[in-house]
Amino acid sequence: MKKNYLLLVFAFAILAVSCENDDNSDLVKFAVPTIKSLAQIRADVSVSAARQTQSDGKIYVTEDYLFYIAQESGVHVFNNTNPASPVNIAFINLEGVHDISVKGNYLYADNFVDLLVFDISNIQNIILVRTIENSIAFSPIYPQEAEFYDYTVNPTGDEIIIGFDIQMRNRPEGEFITFSNDALASFESSSGGNIGTGGSYARFQINGNALYTIDTYKLNVFNIANPVNAFFDKEVYMTQWFGGGVFETLFIQKEILFVGSTTGMYTVDAQDEFNPFFVSGFSHATACDPVVVYGNTAYITVRGGTTCGAIEDQINVIDVTDIGNPSLLSTYFLDEPYGLGIKNGVLYVGCGDNGLKVFNANNSANLTLENTYPINVKDIIPLDSHLIVVGNNQIIQYNYGPNFTLTPISEINL
C-alpha cells in the first residue's frame, strides 16, 4: 500500500513539473487509463439491428451463421446459409468482447470480466439468459508507443480500466523520470448440440459440457450442461506452465487441448472434461504464435518483431503423435505469418499485407508454397465446404479449386 501511495505522489509531481514547463517543443506520449464502471458495462449489453463496424476482429462459424467478433465493440451476426450471399442480420453490443463460442442454441461471450450466455434459438430475437460475473481476468493492452503512464487516473469502487488514450504532454524532468519508469515496470509486470468453429486465434473452446477460456497464465473451466444456469467451475493453474510465456490461443482436437503461448505450444489432456491436466510442451523463442492441428501434426505460425519477440518469422511443423513428447518436423521461413488453417493436406496461412499463402502440406517435413493471393489476411477457417478468411474489416469466402487454387464466392466489407 505504501508503494502505491508513493507512486501516486511521484505521479502528481510529474504532472506538476510538466505544467510548469511551457516549452511545447519536447512533448511526449502519456498513456491515460480509460475508466468505466462494471454496472455501466453490464447495463450497455443489448441486441440491435445489423450495423457496420470499423473494429478489427475475428470470425466464428456455425452451420448456418457467421459471427464477426469486433474487438471491444460487439458481435455481428450474418446468415450464411448461402455463402455466396451472406446477410447481416443482427448486432450484439458487447463493449468488452474478445471471443465467443457456440453450442446448439446458445452463444457464450466474454464481456471484459464477465461470461455471458445468449439464447440464439430465434436469431431474430437473441436474448441474454445468464451473466457469470467476475469470472474472467481482463487486462487492457498497454500501448507500446507510450513513453509515460498517468498514475493519477485510477479506478474506484466497481470501476475497471478498459483501455488507454494517448495524450501529448510535456516531458517530465530529472528524478521523476526514474520514478515514472519504475512505476511503469511495476504496472506491466502485473498485467450437446452442434459446436461452431473458431479461427486459429480462438481463446474459447467447448468440450462436451465444459467451456474452456484462457487468461494470461491459466485455463478457466465453466460448466455449461444447463446453459441458463451455467457456472464457473474452476481455474487451472499448472506449475509446469509458470515461466512458459503468456497464453494466446486455444485449439481442441478430440479431447486434447493445444495452447499457443508466446514461448511455445502446450498439450493438455481433457478427457475428463472438468479436470484437464498438463501433458507436455514444445518451446521456441518469444514470439506470437497461434496453433492448429490436423491428425498427428501441429502447425504453429511464429511471428517475431515488435511486441512479439525477436525470433525470425516462420512456420513450425510439430509431430504430436505422442502428445507427451512433441517433436519438430520442419521449419519454413516466411514474412509476417498470423493465423492459419489446415484442411485435406493443404495449409492456408494469413500473412497480413503479404497475402494469403497456400501450401502443399501432404509431406509435413517439406511444406511447398503453391499459391499466393494478394489480400490482407489475419485469420482463416477452412470448412469442409469452403474457406473463410478475415483481414482488415473484410471477410472473404472461397471455393476450393484444383491445384491448390481458390475462387472467391463472396466478400463482406465491415
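The values are calculated or read from the model by the stated rules, or taken from the named source; none is laboratory data. Treat the numbers as computed from the prediction; the structure is a model and nothing was measured. As a convention, Cβ positions derive from the backbone with ideal geometry for all residues, glycine included, and neighbour counts pool all protein chains shown. For the accessible areas, the whole protein counts, side chains as well, though only heavy atoms, and no ligand, DNA or RNA atoms are used. Shrake-Rupley method; radii C 1.70, N 1.55, O 1.52, S 1.80 Å.
Points worth noting:
- When we screen Asn360, Asn296 for residues that are open to solvent by 10 Å² or more (accessible area, probe 1.4 Å) and within 30 Å of Glu411 (Cα to Cα), the only hit is Asn360.
- Among the residues of segment 373-405, the ones that are within 23 Å of the chain's Cα centre (by Cα), open to solvent by 50 Å² or more (accessible area, probe 1.4 Å) and closer than 15 Å to Lys357 by Cβ come to 1 in all.
- When segment 214-229 is filtered for residues that are modelled with pLDDT of 90 or more, more than 18 Å from Asp269 (Cβ to Cβ) and outside any helix (DSSP H, G or I), the ones remaining, listed by number, are Phe222, Asn223, Ile224, Ala225, Asn226.
- Test: residue in segment 110-119 that is within 19 Å of Ile195 (Cβ to Cβ) and in contact with an Asp or Glu (Cβ under 7 Å, 6 or more places away or on another chain): yes
- Lone unmet requirement of (1) modelled with pLDDT of 95 or more; (2) more than 30 Å from Ala137 (Cα to Cα); (3) over 24 Å from the mean Cα position of the chain (by Cα) for Ala39: (2)
- Flag for Glu63 being within 20 Å of Val390 (Cα to Cα) and of a type in the set (D, E, K, R): yes
- Segment 246-279: number of residues that are assigned to a strand (DSSP E or B), aliphatic (A, V, I, L, M) and open to solvent by less than 20 Å² (accessible area, probe 1.4 Å): 5
- Failed condition for Arg51, given (1) open to solvent by 50 Å² or more (accessible area, probe 1.4 Å); (2) of a type in the set (Lys, Arg); (3) under 24 Å from Asn220 (Cβ atoms): (3)
- Residues within segment 119-171 that are of a type outside the set (Gly, Ala, Ser) and either in a loop (DSSP other than H, G, I, E, B) or in contact with a Cys (Cβ under 8 Å, 6 or more places away or on another chain) (or both), tallied: 27
- Residue match in segment 113-132 (condition: within 15 Å of the chain's Cα centre (by Cα), hydroxyl-bearing (Ser, Thr, Tyr), within 30 Å of Val236 (Cβ to Cβ) and surrounded by fewer than 23 Cβ atoms within 10 Å (Cβ to Cβ)): no
- Among residues of segment 56-112 being part of a loop (DSSP other than H, G, I, E, B) and among the hydroxyl-bearing types (Ser, Thr, Tyr), the one that is farthest from Ile381 (Cα to Cα) is Ser73.
- Lone qualifier among Ile323, Ile311 - being more than 30 Å from Ala146 (Cα to Cα), modelled with pLDDT under 90 and open to solvent by 30 Å² or more (accessible area, probe 1.4 Å): Ile323
- Number of the exception - Phe148 against (1) closer than 18 Å to Leu414 by Cα; (2) open to solvent by less than 20 Å² (accessible area, probe 1.4 Å); (3) over 16 Å from the mean Cα position of the chain (by Cα): (1)
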